1. Given charges of +1 on the Cβ of Lys and Arg and -1 on the Cβ of Asp and Glu, with all other atoms neutral, how large is the dipole of the protein assembly as shown about its Cα centre, in debye to the nearest 20?
2. Just the number, please: carbon plus sulfur as a percent of the accessible area of segment A:22-63, 1.4 Å probe, no ligands or DNA/RNA counted.
3. Run the dipole for segment B:5-137 about the Cα centre, Lys and Arg Cβ at +1, Asp and Glu Cβ at -1, nothing else charged, and hand back the magnitude in debye, nearest 20.
4. Just the number: Rg to Rh for chain B, Cα atoms, Kirkwood Rh, two decimals.
5. Could you work out the Kirkwood radius for the protein assembly as shown, taking every pair of different alpha carbons, averaging 1/r and inverting it, reported in Å?
6. Per residue of A:130-142, what is the mean number of Cβ atoms on other protein chains within 10 angstrom of that residue's Cβ?
7. Would you mind finding the longest exposed-site-free stretch of chain B, with exposed GluC sites (Glu not before Pro) meaning DSSP loop and at most 14 other Cβ atoms within 10 Å?
8. Which lysines have a Cα less than 25 Å from the Cα of B:Lys14, not counting those fewer than 8 places away in the same chain?
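The values are calculated or read from the model by the stated rules, or taken from the named source; none is laboratory data. These numbers come from a predicted model, not from an experiment. Here the Cβ positions follow ideal geometry from the backbone for every residue, glycine too, while neighbour counts run over all protein chains shown. Surface areas here come from the heavy atoms of the whole protein model, side chains and all, with no ligands, DNA or RNA. Shrake-Rupley method; radii C 1.70, N 1.55, O 1.52, S 1.80 Å.
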Number of protein chains: 2
Amino acid sequence: MAEDWTDRHVARWKDHWLDLAFDEAVEGVFVRVNRIDRYLRRAKQRAVAEVGLTDFEYDTLHVLMIRDTPGSASPTELATELGVSGAGMTGRLDGLEKAGWVRRIPAVDDRRRVIVEVTKAGMAIWRQAMDLRGRAEDDLAEALTERELATLNRLLKKVTVRSEEREG
Amino acid sequence: MAEDWTDRHVARWKDHWLDLAFDEAVEGVFVRVNRIDRYLRRAKQRAVAEVGLTDFEYDTLHVLMIRDTPGSASPTELATELGVSGAGMTGRLDGLEKAGWVRRIPAVDDRRRVIVEVTKAGMAIWRQAMDLRGRAEDDLAEALTERELATLNRLLKKVTVRSEEREG
DNA sequence: GGCGAATACTTAGGTAGCGAAGTATCATCG
DNA sequence: CGATGATACTTCGCTACCTAAGTATTCGCC
């Protein structure tokens, strides 16, 4: 197979940084993981822009929708899952609420709490973006056979399992 | 093998969004790619913070060092490779220069141009961070045998090759 | 050779996000 | 019950970054 960006990266590395210990295979795997993620991030950005959402609006709707209780969560839960600060979450929700994609409802049993709920319009636009995004993923996946996809999943899972052990 | 975050994610998906077409294997691969990248991003942040760099300072030094002409580049080249605007680059370089990790040198043949050069201190701190970062990667990679690592590289490369075709 | 377009970088004004402090509510325990 | 601490969210001041406009230099072409 022709070389990819990673091959060139690793070759450059070997040329210039001989003294820095490194394992080509390890470097290759993680650089490629990063390149694929980067490509999909950009594809997502295009998809999301096309339906008229900003990146962070989509991300917020997305974690709201893929939860165990889809379409409903507290600001704190969303912030944690998005890796964003509480303050940042307040800002995002202000925007989403103004745009009409989300509602803030005061919780009845605990008046400190707020429940964030997706609106019909919010769900609709999220689905539109999801659809576009899924197409980009399917397109990439066509580079592999069913069998290869299964193998890839098996090997990647060994890595994610370890990473989750490390995170505790 | 026990389930990972992705397994739970996919299971949830099937429960709640039956009507949205999706391929489990495809979703699994790309979600895992994203989870691994996310884990390594955080590991990098920890490594980088430990030696006393911010995330974006390290990133900038890093692309400066891994180029064909290591330790030397124009602001525009760096901005492109980092996916940052020209204005953003100016800001980053101001900080890096102030901290003494980088120098701005006027180009002799074209007085519009500036050459960014890493200093000794900049190279030293980058290497420190690289070392820590490499350890996190090696640790993850130990989840796989040599053979599995090779297979993983081969399959991932099929995907990156396709993504690079798409990008033109 | 000189004038308009292109290039390389910086400055200016605005936005998303962060950490820390603030406000309101609830839980614990004497 | 009442005081102290914990929790849930918001407000405030600051930073990094973006787009667009500005400045300086070089290129292309008659």
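1. I would put it at about 760 debye.
2. In segment A:22-63, the share of accessible area belonging to carbon and sulfur is 45 percent.
3. The calculated dipole for segment B:5-137 is roughly 480 debye.
4. Value, to two decimals: 1.07.
5. The Cα-based Kirkwood calculation yields 22.0 Å.
6. 4
7. B:4-141
8. Correct list for B:Lys14: A:Lys44, A:Lys120, A:Lys157, A:Lys158.
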